[in-house]
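These notes are about the structure you will find just below.
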Amino acid sequence: MDRCVVLVDAGYLLGASASLLAGEPSRSRVTVDHTALIASLRERAEEETGLPLLRIYWFDAAPERRPLPEHRRLRVLPRVTVRLGALTRAEGRWVQKGVDAAMHAELSELARNRACADVVLVTGDGDLLPGMMSAKEHGVAVHLWALQAADGDFNQSEDLVGEADERRVLDREWITRSVRLREPAVAFPPAGPPPEIAKILAAPPTARPAAAQAPEPPAEPQLPAAALKVVPTPKDLAGRAAAVHAAHPQPPAAAAATGPVLRWSSDRGYVDRGPTDLTTAADALPTLAQLTTAEQRWADREEDITAIGGDPHEVGQVFARRWTDRLGDKERLTLLWSDYPRVPHRVDGELLRYAARFGLLAHKDDQIDEHDRYAIRAGFWKELATRVPGGELIVVDD
């Protein structure tokens, strides 16, 4: 058949991309536009072989061979087939199993059945040498593609290089069209008053506006720097909640209508807490699940699979966009700013569970990395800042 087929070892391609762009082979250091990457592979393969593409096979690994969101997005693209091996822990690191065997079997089967005239291999593993030799014996021309190595040397088996009919190197310019460095997580700025208020508070009493002047409070004993509180204590939160309820009183009927609230306890899982147990008024805001219809839930899942890349910062922004749009009354969200950068407990738990769907739990011992936590929440606040009155005064880009 006068067609070409592309077999991609995703571990090699993305690991080599990370080495080239970030200086280390960790795939978590880069973000991938899979749609653009597949289009680039198809265009390059048809140009190099002079034949139309039959199919791109994407070989990767996943825990328990369960497809991650990126695999689900890939397999719905036209002319793409995903084959998964197992991802297991060995000596403190993740190791893929079965990927080379699957590539060898697919390559041999395609050649034996004369399904194509040319095969493009994007890999560096010498274990594929027997499969390459078998394909050549069946009359298939084998093109071996390498990614530009970070140190300028080969990042492929020399036996593969010597046996290939054609060899090409995908350079930095080519790979950066669809793969880029992941932006470092941005830590939250220290909690405090907005810059305008900080300037007023820092000015001498005589220089302050009349409205800003207030009677001097009685002097308090100075505490050593080590004793200053950074995280509010339960007593502080209780006082804050009392102040919020005093500023926004509710009739008994309205307070009772809020009903019990699910709160997370690390010892007991979810437990029911009454409305009087809310830390602040912002905790009474409904969750995204409560605001989402069945039709919206289906559309959200479709968007997650086909359009969302899975970057932690992007995930936080998408979640905040949906939540804000469906809440409707943006004025209610101004309650959040008194607690920035704290996200209401129920919403925060829902946000992290949503992030877990993008594989952010899979490669870090079943825990979301702290840098990812910061990035997820930073994306959440950044999106809200553009949609809620007054948010731009608190969320400041570094």
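What follows draws every value from the coordinates through simple rules; no lab data is involved. It should be emphasised that the depicted structure is a prediction, and the values quoted were computed from it without experimental measurement. Backbone-built Cβ (ideal geometry, glycine too); neighbour counts: all protein chains shown.
Highest-first packing order for the peptide set 109-119, 377-387 is 377-387, 109-119, based on the mean count of other beta carbon atoms within 10 Å.
Listed peptides 331-344, 4-17, 285-298, 49-62 appear in the order 4-17, 49-62, 331-344, 285-298 once ranked by packing, highest mean of other Cβ atoms within 10 Å at the front. With contacts taken as Cα pairs under 8 Å and at least 6 residues apart, segment 4-181 reaches a relative contact order of 27 percent.
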